[in-house]
Amino acid sequence: MIENNSSNNLLENNISNNDNKLNSNETFTLSEANAFLDFWREFDLDGRRMSLDKTCLEMREMKTSSISGRKRLNELTKTFRSKSKDEQLLLMTDVLKGYQDEIDQLSRRSKYSEA
């Protein structure tokens, strides 16, 4: 934020000190330069950057969670298949719960991506 304010002050000083000319070959009127400055102040680049960083972190966490969930489900399925029919009946609720948890996780990710 300090850099943003100092760059705004520098630009404002250039406008007033150089007879409405910026350091480039283009000339702007004072009102055009002020409109330009107002736009960038309202744009809030730092706020947008923080918001995007937060969103990227959330997406990375969801991806990691999804990968670990699939691996866990894969191991559970392999274990289930390697058991006898009687043992499979005992493990059936755990397997179904694992698949339902993964479906719920996918549904949450889908809702998040659509928002």
Query raised in the report: Ordered by packing density, taken as the mean number of other Cβ atoms within 10 Å over each peptide's residues, highest first, how do 44-51, 68-75 rank?
Result: 68-75, 44-51
Query raised in the report: According to a simple spin-label model (label point 7 Å from Cα along Cα-to-Cβ), what is the distance in nm between S113 and F43?
Result: 3.0
Report summary line: Expressed in angstrom and ordered largest first, the alpha-carbon extents of region 47-115 along the principal axes are 59, 17, 11
Query raised in the report: Among the lysines, which fall within straight-line cross-link reach of K63, defined as a Cα-Cα distance under 16 Å, with same-chain neighbours fewer than 8 residues apart omitted?
Result: K54, K71, K111
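Laboratory data are not the source of any read-out in this text; all were calculated from the coordinates shown. All values derive from a computational prediction rather than experimental measurement. Reconstructed Cβ throughout: ideal geometry from the backbone, glycine too, with neighbour counts over all protein chains shown.
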